[in-house]
Amino acid sequence: MLTIAVINQKGGVGKTTTTVNLAHALALAKHKVTVIDLDPQGHLTACLGVHEPNINGIDNALLEQRYPVKTAAIAVRKNLQLVPAGARLGEVESNPAMTRDRLQTVLADQFDDQMCVLIDCPPSSGLLVVNALLVADTAIIPVASDYLALHGLSYLMGTFKNFELSLDRKIPFWIVLTRYQNRRCLSQQVRDNLLQYFPGRVLATPIRENVALAESPSFGKTIFEYRPKSTGAKDYRALAQDLLKRRTL
């Protein structure tokens, strides 16, 4: 089983969009995948069409040991299951009993039948993200093709290094270029800068700017259900193969 934390402290870079569509692309390729919504905002849960306010989620598993996390998993698509955020996830950061290895304990032996577990992290550097990175085999960092996202990445990488020091472990990572526009010089500059500073770490397929990717969450659908022939669907299918085959730019 491969556990992946999808992280970025900056909002609006396509973190949840990447989590949900990459997961569904892997599921459509006949891999068993679990996604965990570790963001108290619950955007991943909503993107998959789950809107029950009092649903059992990762919150109960983290806050109360009597709730095994596997009991919160919902089959949302063929080969794809979701562990929702839950209404109480926002309490976790301030809970004095919460430790940085709590998620690791909660997930132990729970999803061994899955090929991949993707964790959608909040846009922060708090205890939830630390928990995700401690349990993760690797991290995926979506970076939007604009100057501010690139500027935010330098801050993120500094924080990332601090995480590694604190957790006393190296965390392999992949960068996904999102909101990419082939004809924009800025998109190309962001790509070139990423390749210069992170050689071999940028996955081969940039996710092109596509309005369908922005629209699909409001229908509780992935891009493959909402616009299966769109550039967004094509790109995320290719990105799934990049991840499986370790294809980089």
Enumerated helices (runs of 4 or more DSSP H) restricted to the stretch 176-249, each holding at least 3 residues that are under 27 Å from residue 2 (Cα atoms), open to solvent by less than 20 Å² (accessible area, probe 1.4 Å) and modelled with pLDDT of 95 or more: 231-245
Complete set of residues in the stretch 118-137 that are farther than 18 Å from residue 43 by Cα and open to solvent by less than 10 Å² (accessible area, probe 1.4 Å): 131, 133, 136
Given (1) at pLDDT 95 or above; (2) farther than 21 Å from residue 172 by Cα; (3) surrounded by fewer than 23 Cβ atoms within 10 Å (Cβ to Cβ), number of the condition residue 115 does not satisfy: (2)
Number of the condition not met by residue 6 [criteria: (1) buried (at least 22 other Cβ atoms within 10 Å of the Cβ); (2) at pLDDT below 95; (3) within 17 Å of the chain's Cα centre (by Cα); (4) within 19 Å of residue 127 (Cα to Cα)]: (2)
Qualifying residues in the stretch 26-39 (those that are hydrophobic (A, V, I, L, M, F, W, C) and buried (at least 24 other Cβ atoms within 10 Å of the Cβ)) - the one nearest to residue 122 (Cα to Cα): 38
Test: residue in the stretch 150-168 that is out of contact with any strand residue (DSSP E or B) (no Cβ under 6 Å at 6 or more places or on another chain) and more than 30 Å from residue 99 (Cα to Cα): yes
Subset of the stretch 42-74 (residues that are more than 18 Å from the chain's Cα centre (by Cα), free of Cβ contacts under 8 Å to residues at least 40 places away in the same chain and under 22 Å from residue 220 (Cα atoms)): 52, 53, 54, 55, 56, 72
In the stretch 98-128, the residues that are more than 14 Å from the chain's Cα centre (by Cα) and farther than 14 Å from residue 62 by Cα: 109, 111, 112, 113, 114, 115, 125, 126
Subset of the stretch 61-93 [surrounded by fewer than 22 Cβ atoms within 10 Å (Cβ to Cβ) and among the polar types (S, T, N, Q)]: 65, 71, 79
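The values are calculated or read from the model by the stated rules, or taken from the named source; none is laboratory data. Please read these numbers as outputs of a predicted model, since none were measured by experiment. Cβ sites come from the backbone with ideal geometry, for glycine too, and all protein chains shown count toward neighbours. All accessible areas refer to the heavy atoms of the entire protein, side chains included, with ligands and DNA or RNA removed. Shrake-Rupley method; radii C 1.70, N 1.55, O 1.52, S 1.80 Å.
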